[in-house]
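Reading through the structure tokens given below for one structure.
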Amino acid sequence: EEPSKELKEEKSQNIIGELISAIKNSDEKKECELYEKQLKECGKDKDKEINFLSLYYVIRHRIKGVDELENLLKLSQENPEHSKPHHWRGVLLEDYQNYEMAYEEFLKAAVKSKEDIDKTSNFCSAAMALIKIRKYGRAREIILKRLQEARKDSIKEIVDLLKTLAKIEVAEGKIDRYFPFCEKALKLNPSDADLRFELASTYSKYDKHSSSLHHYKILSENVPNSAKWNNLGVVYSNLELGGKAVAAYLKSKESGGTTSVGNLAHRLIDAGFLNEARSTLQEELKKPDFDTNVPKALSRIEEFVEAETKKEEETLSSAVKEREFLIEYAEAFIEPFEIKLPLNWKTKYGNIDIKIDGDRFVAKGERKIEPTLSLLGFSPYIKRTSDEEVILQKITYQGTIINRTIDYELTIHVEPVRKFNEATLAGRLLSSISGTKREEDVHMGMMVINRECNKIEVMEKEPKDNISFYEITLSDNR
């Protein structure tokens, strides 16, 4: 895949642009003239003056290497009600990797910001500084608090906060939380092409190709470029949709892409170029002595296209439930809620008792299972064939609660619990392993508790990264 291409904006020939050029060229006379001119344009507007001076110090600091941190500090002390000096000090302190002090400056800027959008932006910057020093809990706390304070109709603020929350989770290695926050942000602002590209790329990185396909298709249809077409081709290849991969690579090539040329060479071996094949076959049909295999091959191309289209539709459909769950998870994660759960519940693995201690979630249960024998061993999930074939299954959920969400690890442990009738083949085989422990199965997953606290929706990763959905409901024994 290709990385996202940053758009290069042409700088307008305004005073700031000219001032930057003068500083770069060490033209001190021109710099002084432009400095005075800009101050004059600010007039008696103190906000404009402070904003300009803050930016001017940063430009000199970065271009000339002049230490302007003290000037920014002095400016903030002389104008304690203004946020910009604190913001730009935070930016420069990050350049020096002094993230603790940068965080403090961004926090001061947030408190002093007069506009809500500036306040949110500074809170996000403060959280990003905390990420650099691995204070993920504090960063998350800041963003969640601001999400509660922000106006619900301020879409840009909420989207920026969700994107920052996603960055916190991915920095801490909690990639399963990264996806729901990005999905929620895109639901609020579907036109955020940069976020959609990043999300599609990350889905692909973690082999979530159906979700990656969903987003790359939207990008390629609405804001196409060579990189997006190429990456769509990569996803198609990962899904073994060779014909569609080739078509995407060709569009990337037509758009000036170069990476796609190498990808096309690989697909030539794996799947071939359907359009070129069709053209070649149609030319062959014009000849009076064409082979009977030619129309057969031409017919197969149409069957190939139809089969891939059907598979694409099935793949996109499978992603819908996961995306809906992730969006529901994001909403439950950021909504303040005090969880009070009853003790007894039912799962697909049997009954469990739930205990909550602070933000820790623990649920345990056990049941006897009477499996049948198979040539490959025995399974705790199949039906009984002998009175002697009894094992004990123990399940343990352990997780962390945040508002109405739970990130958990499920351990499933099975072991024989009694001697078996050695007069039978099943008895002899099961007796030989009696008293030994079977290897534990460990599943990871995410839960969303409904507001009534009587149902829990679960998305669980099974072996080989298969995903299953199920509900945990109240037990009749509660």
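The values are calculated or read from the model by the stated rules, or taken from the named source; none is laboratory data. The structure displayed is predicted, hence computed values, not measured ones. Cβ placement follows ideal geometry from the backbone for every residue including glycine, while neighbour counts extend to all protein chains displayed. Quick note on the areas: whole protein, heavy atoms, side chains included, nothing else; ligands and nucleic acids left out. Shrake-Rupley method; radii C 1.70, N 1.55, O 1.52, S 1.80 Å.
General observations
- Relative contact order of the range 62-113, taken over Cα pairs closer than 8 Å and 6 or more residues apart, is 34 percent.
- Projected label distance in nm at Val362 and Ser21, using a 7 Å step from Cα toward the beta-carbon: 7.0 nm
- Overall, the ratio between the Cα radius of gyration of the range 140-234 and 2.2 N^0.38 Å, rounded to two decimals, is 1.12.
- Theoretical gain in end-to-end length, Glu335 to Lys321 [0.36 nm per residue, Cα-Cα removed]: 2.9 nm
- The range 1-156, relative contact order [Cα under 8 Å, separation at least 6], %: 12 percent
- Annotation: lysines with alpha-carbon distance below 21 angstrom to Lys394 (same-chain offsets under eight excluded): Lys346, Lys348, Lys355, Lys364, Lys368, Lys383, Lys419, Lys437, Lys461.
- √(5λ) per eigenvalue of the Cα gyration tensor, the range 75-139, largest first, Å: 19, 14, 8
- Translational D in µm²/s for the range 1-99 (Stokes-Einstein at 10 °C, 1.306 mPa s, Kirkwood Rh from C-alpha pairs): 107 µm²/s
- Heavy atoms of Glu415: accessible area, 1.4 Å probe, square angstrom to 10: 40 Å²
- Across the range 47-89, Cα-Cα pairs farther apart than 13 Å form 43% of the total.
- Accessible surface of the range 119-255, 1.4 Å probe, proportion on carbon and sulfur as whole %: 47 percent
- If you take the Cα centroid of the range 70-90 and the Cα centroid of the range 177-252, the two points sit 42 Å apart.
- For a straight C-alpha distance cut-off of 18 angstrom, the aspartates and glutamates reachable from Lys74 (same-chain residues fewer than eight places away being disregarded) are Asp47, Glu49, Glu104, Glu105.
- Å² of accessible area per residue within the range 98-212, as computed with a 1.4 Å probe and no ligands counted: 43 Å²
- Candidates Ile63, Ala102, Ala126 compared by Cα position along the dipole of the range 46-203: farthest toward the positive end lies Ala126, with charges placed on Cβ.
- The magnitude of the dipole of the range 1-131, with charges of +1 and -1 set on the Cβ of Lys/Arg and Asp/Glu and taken from the Cα centre, is near 340 debye.
- The trypsin sites (Lys or Arg not before Pro) found in the range 57-119 that occupy coil by DSSP, while having at most 10 further C-beta atoms within 10 Å, are Lys114.
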